[in-house]
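Structure, as structure tokens:
The values are calculated or read from the model by the stated rules, or taken from the named source; none is laboratory data. Model, not experiment: these values are computed from the prediction. For neighbour counting, all protein chains shown are included, and Cβ atoms are generated from backbone atoms with ideal geometry for every residue, glycine included.
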Amino acid sequence: MELDLFARLWEEIDFDDHPLSGGHQPEPDGELNVKMTPNSIRLEDARLSFLIGEGSDADSVHRWAANDVRINDGPERLGVHRWSMTPQSVSPELRQWLIQNIGNPEMIEGESVENYRRLLRRLRSQLESKLPNWTWHLEVDNKADRMGWYVRAPESWCSLFTIFVGLGWDAQIPARGFLLFERAPPGELDRPDEAEANRLDGLRTVALCNGHRGALSLLAKNMEWALEPQPYKLELPGDVELWPPSMGRWPLLHGRSNSIEDTVDWAAIIIDALQPAISTLSATIDGISWQ
């Protein structure tokens, strides 16, 4: 169960908080060191350490609570996680094991995030089968205009393509469904070991936007949509646009639902529409240049 707990806590940390070396996968890198007390469990691999329960001796600390509450205001990089971890946040088997080892959680005072947790669980439940082997990473304290899941392409694809799905808002728009299909533009790297994936994603982007048979061009029903550096509105529910690479932005698709209530069903429709594009990402495309 220690491996299950490590994987579950790994999903809770923001993707941008992953160490600059080592993999992004939820399996431990190297040996997993475990330390248990009556009130806490500490796990550590070669990348970082987790603690659930009482204490603070870890890179990423998670409070075991009976209720879903906001623990702090963030944004903080690592440290005490912004949201509590509850029995509802883990599998029944892991829940029982945690209770046996560190006891039943207690209620914690704070602003409830139960509805947000419930929505994010529903989103993942609805979409996970459509994105097999993609990894899920919670983002709730990194950017001021969104909360949700960053879903990363399988590591075996050597790709930095991600899908953000959750809620988004700004000064003019209240919270509603928000979805991005994005990659890093050529040369924009967070880590040196991303160079090859970034290069291949540049080639994949050319293929996706190709004016003859590109999957995004077919989605647009317009083979010339990518020629102008401006958003191209799609005939899909909500406000969904393709953003051509010439705009110099990370997303290739940017979408908002009509309301917060339709977020889950709307996101499923958009992911279904993206399936032809997603299906091309596993190919190692070579022989063409970004220019």
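Being surrounded by fewer than 22 Cβ atoms within 10 Å (Cβ to Cβ) and farther than 23 Å from Phe6 by Cα narrows it down to one residue among Glu109, Glu128, Glu139, Glu114; which is it? Break it down stepwise before answering.
Numbers: Glu128 fails: farther than 23 Å from Phe6 by Cα; Glu139 fails: farther than 23 Å from Phe6 by Cα; Glu114 fails: farther than 23 Å from Phe6 by Cα.
Criteria check complete, one pass: Glu109.
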Positions within segment 131-143 being without any contact (Cβ under 8 Å) to a residue 40 or more places away in the chain and in contact with an Asp or Glu (Cβ under 9 Å, 6 or more places away or on another chain), in sequence order: Asn133, Trp134
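With of a type outside the set (S, T, N, Q) and surrounded by 16 or more Cβ atoms within 10 Å (Cβ to Cβ) as the only criterion, which of Ala283, Ala277 stands out?
Working: Ala283 fails: surrounded by 16 or more Cβ atoms within 10 Å (Cβ to Cβ).
Step by step, each of Ala283, Ala277 is checked, and only Ala277 is of a type outside the set (S, T, N, Q) and surrounded by 16 or more Cβ atoms within 10 Å (Cβ to Cβ).
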Flag if Asp239 is under 20 Å from Leu120 (Cβ atoms) and surrounded by fewer than 17 Cβ atoms within 10 Å (Cβ to Cβ): no
Sole exception among (1) more than 14 Å from Ala175 (Cα to Cα); (2) under 20 Å from the mean Cα position of the chain (by Cα); (3) assigned to a helix (DSSP H, G or I) for Val264, by number: (1)
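I need a count of the residues in segment 161-184 that are among the hydrophobic types (A, V, I, L, M, F, W, C) and part of a loop (DSSP other than H, G, I, E, B). Spell out the reasoning first.
In the first step, residues of segment 161-184 are kept if they are among the hydrophobic types (A, V, I, L, M, F, W, C); the result is 161, 163-165, 167, 169, 171, 173, 175, 178-181, 184.
Narrowing the set further to residues that are part of a loop (DSSP other than H, G, I, E, B) leaves 161, 169, 171, 173, 175, 184.
Looking only at that region, the number is 6.
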Residue, surrounded by the fewest Cβ atoms within 10 Å (Cβ to Cβ), within segment 147-160, restricted to residues that are part of a strand (DSSP E or B) and among the aliphatic types (A, V, I, L, M): Val151
Candidates Leu119, Leu138, filtered to the one that is hydrophobic (A, V, I, L, M, F, W, C), assigned by TED's automatic domain parsing to the domain that holds Arg256, more than 14 Å from the chain's Cα centre (by Cα) and within 24 Å of Ile52 (Cα to Cα): Leu119
Tally, over segment 148-204, of residues that are hydroxyl-bearing (Ser, Thr, Tyr) and in contact with a strand residue (DSSP E or B) (Cβ under 7 Å, 6 or more places away or on another chain): 2
For Gln126: the one exception among (1) polar (S, T, N, Q); (2) modelled with pLDDT of 95 or more; (3) not assigned by TED's automatic domain parsing to the domain that holds Arg152: (3)
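Does Ser159 fit the bill of being hydroxyl-bearing (Ser, Thr, Tyr), free of Cβ contacts under 8 Å to residues at least 60 places away in the same chain and at negative phi? Spell out the reasoning first.
On the way: hydroxyl-bearing (Ser, Thr, Tyr): yes; free of Cβ contacts under 8 Å to residues at least 60 places away in the same chain: no; at negative phi: yes.
It is false that Ser159 is hydroxyl-bearing (Ser, Thr, Tyr), free of Cβ contacts under 8 Å to residues at least 60 places away in the same chain and at negative phi.
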Output for segment 182-216, where each listed residue is under 20 Å from His18 (Cβ atoms) and small (Gly, Ala, Ser): Ala184, Ala195, Ala197
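Answer yes or no as to whether Gly166 is in the same structural domain as Glu241 (by TED's automatic domain parsing) and crowded, with 21+ Cβ neighbours inside 10 Å. Talk me through it step by step, then tell me what you get.
Numbers: in the same structural domain as Glu241 (by TED's automatic domain parsing): yes; crowded, with 21+ Cβ neighbours inside 10 Å: yes.
So Gly166 fits the description; yes.
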